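The values are calculated or read from the model by the stated rules, or taken from the named source; none is laboratory data. This is a predicted model, so every value here is computed, not measured. Here the Cβ positions follow ideal geometry from the backbone for every residue, glycine too, while neighbour counts run over all protein chains shown.
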Amino acid sequence: MKRKHSMPFGADLLDDGRVRFRLWAPKAVTIDVALENSTTFLPMVKLSDGWFELVTDRASSGSRYQFVIDGGIKVPDPASRFQPQDVHGPSEVVEQSRFKWEDATWGGRPWSEAVIYELHVGTFSKEGTFAGVEARLDYLVDLGITAIELMPLSDFYGARNWGYDGVLPYAPDASYGTPDDLKHLIQAAHSRRLMVFLDVVYNHFGPVGNYLRTYAPDFFTDRHRTPWGDGINFDGPGSRTVRDFFIHNALNWLEEYHFDGLRFDAVHAIADDSHPDILTELAQRVRSEFPEGRHIHLVLENDDNASHYLEPGRSRSLYKAQWNDDIHHALHVLLTNETDGYYADYSDRPMRFLSRCLSEGFAYQGEASRYRGGKLRGEPSRHLASSAFVSFIQNHDQIGNRAFGERIHQLANCCAVKAASAILLLAPSPPLLFMGEEFAAGSPFLYFCDFDSDLANAVREGRRSEFARFARFSSLEVRGCIPDPNGLETFERSKLDWAEVEQLDHGAQLAHYRKLLSIRHNAIIPRLMGIGGNHSTAVWSDRNLHVDWELADKTTLRLLANLSDCVAAPLAKPIGQLIYTTHEDKVLDFEQELPPWSVAWFLHP
């Protein structure tokens, strides 16, 4: 089976063997195609509305090319399918339908079955490649994972990056492998009933290798500002082409690469005053392009807690879920007592916020945020089902944005982490793990990149100055110890050490996660399919919690938790069958007391 996504730009290998090149360059007067190893420029025909086109038999699959702007600068194709020589080099013509797919019967899995494992391709394995990920798929299946989520792959400058500095959104970075290598990984995952999601970045381009301003400045607008400068033009003159560029990017990943879902990074930084906005139009296009029988899951990261994107539609909601930072922040305060930065918003009543996240989705549903200077944050979410909120106690941001990349087990005691993971993995909301979490990886996950010269210095010093407002980093000497993002050793330290899995302490954590996920698959997931709306109640005190959920088969799922160092009286009585407790080595009377850092789960039919 072959798969190919057709789009109005880029290099397309036609059925007759010729190649059609198309570029939107409204600022340019002339555009030529420069083929590698050729001294002849091939002029493109200027069409209307800023478009240029060339159909030629001088290029073929594997040809490398650049666009020549007004007889001067050579630039890569912004819709390049592959950049074997990095962002400044030539693009490569890729025969999109060359890969022979063997997963024609794969339609994905229901969202209710999602257990997500976020990973960074470059640090997940020693090899740092798509093949390195593929070699660990059986391990992930055995763990109980049903979906892997790859951090952004779009071509970025240099040999290493988190992926959020991508500048060529259609080209998987060559440091990880070829487009066919990525497709092979996805097919191998599907053969094991693993979904594959991709993190995509539509709020900005990286700082090196983006040439769009040279010939298509209408890609950007100074009417909207973002943390990275001018906003992407989704709502001004010329925005139709800009919108199509990103819509086709999403469709390309889902159709040609057969990804099962996309996670949209920091959509609160996308400014768009049009109706429908780009998020709505993109999701509508995805839903209209693919049959209902295929499970495609679109997930947001949105600091605005805009619940209206998660509203259930006639048949399929536009977006299945949002990453719920609120539940992470509340748990983090409870586990570590840290109150710096955005944790300040959860410092006074962390158990109340945790309770609200478990029973209502967002902790902030329109309340004032102290961290944001009193700005009102969020929309009501109580009416939404638990499935609309992806929960986690670790992810790339919450580890990597720390100065030294510490993981939660390095910041909190093991009993606290065990209790938090027991809440996360058995609650109805889809859980997300960050690579290595399941075996308490000793490696940090640091912020790393591969810039040079002045930009490298600016990133290094900017990274260190970010922490100057924290008491711990008030001195220049301490800030000087923060790892250099551009240092190769910073990247190498962030790679997982898989030998740890065989070590006693790490193995105990792994066994704990495997057990919890086994219970989730056997006792929880079969009762989640078809839940409509929210059917939960919660009671909380300072460090004590009780939550009930009514599941699809009318079973009651009850959580009793004591997240403190002291014995506590439960806020409700146990009911039905005990399916898990953190203190299974003890005979406990849950009607009378909960030990410190204890969690107990019950099912009552």
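Regarding residue 334, is this residue crowded, with 18+ Cβ neighbours inside 10 Å and either within 25 Å of residue 239 (Cβ to Cβ) or out of contact with any Lys or Arg (no Cβ under 9 Å at 6 or more places or on another chain) (or both)?
Working: crowded, with 18+ Cβ neighbours inside 10 Å: yes; either within 25 Å of residue 239 (Cβ to Cβ) or out of contact with any Lys or Arg (no Cβ under 9 Å at 6 or more places or on another chain) (or both): no.
Judged against the criteria, residue 334 is not a match.
Hey, can you tell me all the residues within region 505-522 that are touching a residue at least 60 places away in the same chain (Cβ under 8 Å) and closer than 19 Å to residue 111 by Cβ?
Those that are touching a residue at least 60 places away in the same chain (Cβ under 8 Å) and closer than 19 Å to residue 111 by Cβ: 517, 520, 521.
Which one of the conditions (1) modelled with pLDDT under 95; (2) part of a loop (DSSP other than H, G, I, E, B) does residue 364 fail to meet, given that it meets all the rest?
Just one mismatch for residue 364, condition (1).
Restricting attention to region 259-291, report how many residues are in contact with an Asp or Glu (Cβ under 7 Å, 6 or more places away or on another chain) and not aliphatic (A, V, I, L, M). Steps first, please.
Initially, region 259-291 is screened for residues in contact with an Asp or Glu (Cβ under 7 Å, 6 or more places away or on another chain), giving 263-268, 272-274, 278.
Still in the running and not aliphatic (A, V, I, L, M): 263-265, 268, 272-274.
The qualifying residues number 7.
What residue, of 119, 42, is closer than 28 Å to residue 212 by Cβ and either aliphatic (A, V, I, L, M) or surrounded by 21 or more Cβ atoms within 10 Å (Cβ to Cβ) (or both)? Working first, answer last.
Details: 119 fails: closer than 28 Å to residue 212 by Cβ.
None of the others qualify; the one that does is 42.
Specify the residue that is farthest from residue 599 (Cα to Cα); the eligible residues are those in region 277-334 that are in contact with a Ser or Thr (Cβ under 8 Å, 6 or more places away or on another chain) and among the aliphatic types (A, V, I, L, M).
318
Could you please find all residues in region 371-383 being more than 17 Å from residue 538 (Cα to Cα), of a type outside the set (Ser, Thr, Tyr) and either touching a His at 6+ places or on another chain (Cβ under 8 Å) or surrounded by 14 or more Cβ atoms within 10 Å (Cβ to Cβ) (or both)? Before the answer, list the steps.
Applying the first criterion (more than 17 Å from residue 538 (Cα to Cα)) to region 371-383 yields 371-379.
So of that shortlist, the ones also of a type outside the set (Ser, Thr, Tyr) come out as 372-379.
Residues satisfying the conditions are 377, 378, 379.
Of everything in region 56-69, what is outside any strand (DSSP E or B) and either in contact (Cβ under 8 Å) with a residue 60 or more places away in the chain or buried (at least 16 other Cβ atoms within 10 Å of the Cβ) (or both)? Give them in sequence order.
Within region 56-69, the subset outside any strand (DSSP E or B) is 57-63.
Listed by number, the residues that qualify are 59, 63.
Look through 222, 181 and report the one residue that is charged (D, E, K, R), at pLDDT 95 or above and at negative phi. Before the answer, list the steps.
On the way: 222 fails: at pLDDT 95 or above.
One residue alone meets the criteria, 181.
Is it the case that region 430-452 has a residue that's farther than 17 Å from residue 334 by Cα, assigned by TED's automatic domain parsing to the domain that holds residue 502 and modelled with pLDDT under 95?
yes
Could you give me the residue pairs with C-beta distances under 9 Å whose first residue belongs to region 19-39 and is farther than 16 Å from residue 78 by Cβ and in the same structural domain as residue 77 (by TED's automatic domain parsing), whose second residue is surrounded by fewer than 20 Cβ atoms within 10 Å (Cβ to Cβ) and among the acidic types (Asp, Glu) wherever it lies, and which are 6+ apart or on separate chains?
19/57; 29/70; 30/70
Could you please find all residues in region 386-412 being touching a Ser or Thr at 6+ places or on another chain (Cβ under 9 Å), closer than 22 Å to residue 299 by Cβ and in a loop (DSSP other than H, G, I, E, B)?
Once the filter is applied, which keeps residues that are touching a Ser or Thr at 6+ places or on another chain (Cβ under 9 Å), closer than 22 Å to residue 299 by Cβ and in a loop (DSSP other than H, G, I, E, B), region 386-412 yields only 393.
From 173, 142, grab the single residue that is over 17 Å from the mean Cα position of the chain (by Cα), under 24 Å from residue 436 (Cα atoms), modelled with pLDDT of 95 or more and among the acidic types (Asp, Glu).
The unique qualifying residue is 142.
Restricting region 548-605 to residues that are of a type in the set (Gly, Ala, Ser) and part of a loop (DSSP other than H, G, I, E, B), which is nearest to residue 538 (Cα to Cα)?
First, the residues of region 548-605 that are of a type in the set (Gly, Ala, Ser): 552, 561, 564, 568-569, 572, 576, 598, 600.
Narrowing further to those that are part of a loop (DSSP other than H, G, I, E, B): 552, 564, 569, 572, 576.
Working: 552: 18, 564: 18, 569: 16, 572: 10, 576: 18 Å.
Selected residue: 572.
In a loop (DSSP other than H, G, I, E, B) and over 23 Å from residue 63 (Cα atoms) - does that describe any residue in region 78-97? Reasoning before the result, please.
As a first pass, look at region 78-97 and keep what is in a loop (DSSP other than H, G, I, E, B): 78-90, 93-97.
Filter again for over 23 Å from residue 63 (Cα atoms), leaving none.
No: zero hits.
Could you list, in sequence order, all residues of region 165-200 that are surrounded by fewer than 20 Cβ atoms within 10 Å (Cβ to Cβ) and in a loop (DSSP other than H, G, I, E, B)?
174, 175, 178, 192, 193
Which of the residues belonging to region 24-43 are over 38 Å from the mean Cα position of the chain (by Cα), assigned to a loop (DSSP other than H, G, I, E, B) and under 24 Å from residue 219 (Cα atoms)?
Filtering region 24-43 for residues over 38 Å from the mean Cα position of the chain (by Cα) gives 29-30, 37-43.
From what is left, the residues that are assigned to a loop (DSSP other than H, G, I, E, B) are 29-30, 37-40.
Across region 24-43, the qualifying residues are 29, 30.
When you check residue 251 against the structure, is it in contact (Cβ under 8 Å) with a residue 12 or more places away in the chain, among the aliphatic types (A, V, I, L, M), assigned by TED's automatic domain parsing to the domain that holds residue 171 and within 25 Å of residue 107 (Cβ to Cβ), yes or no? I'd like the intermediate steps shown before the answer.
Values: in contact (Cβ under 8 Å) with a residue 12 or more places away in the chain: yes; among the aliphatic types (A, V, I, L, M): yes; assigned by TED's automatic domain parsing to the domain that holds residue 171: yes; within 25 Å of residue 107 (Cβ to Cβ): yes.
Yes.
Would you mind listing the helices (runs of 4 or more DSSP H) fully within region 424-508 where at least 2 residues are crowded, with 19+ Cβ neighbours inside 10 Å, at positive phi and out of contact with any His (no Cβ under 7 Å at 6 or more places or on another chain)?
Working: elements: 453-466, 476-479, 488-493.
Counting at least 2 such residues, we get no helices (runs of 4 or more DSSP H) at all.
Conditions tested, residue by residue: (1) modelled with pLDDT of 95 or more; (2) within 26 Å of residue 332 (Cβ to Cβ); (3) buried (at least 17 other Cβ atoms within 10 Å of the Cβ); (4) out of contact with any strand residue (DSSP E or B) (no Cβ under 8 Å at 6 or more places or on another chain).
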position: 510; (1), (2), (3), (4): yes, yes, yes, yes
position: 519; (1), (2), (3), (4): yes, yes, yes, no
position: 523; (1), (2), (3), (4): yes, no, yes, no
position: 533; (1), (2), (3), (4): no, no, no, yes
position: 551; (1), (2), (3), (4): yes, no, yes, no
position: 561; (1), (2), (3), (4): yes, yes, yes, no
position: 571; (1), (2), (3), (4): no, yes, yes, no
position: 597; (1), (2), (3), (4): yes, yes, yes, no
position: 600; (1), (2), (3), (4): yes, yes, yes, no
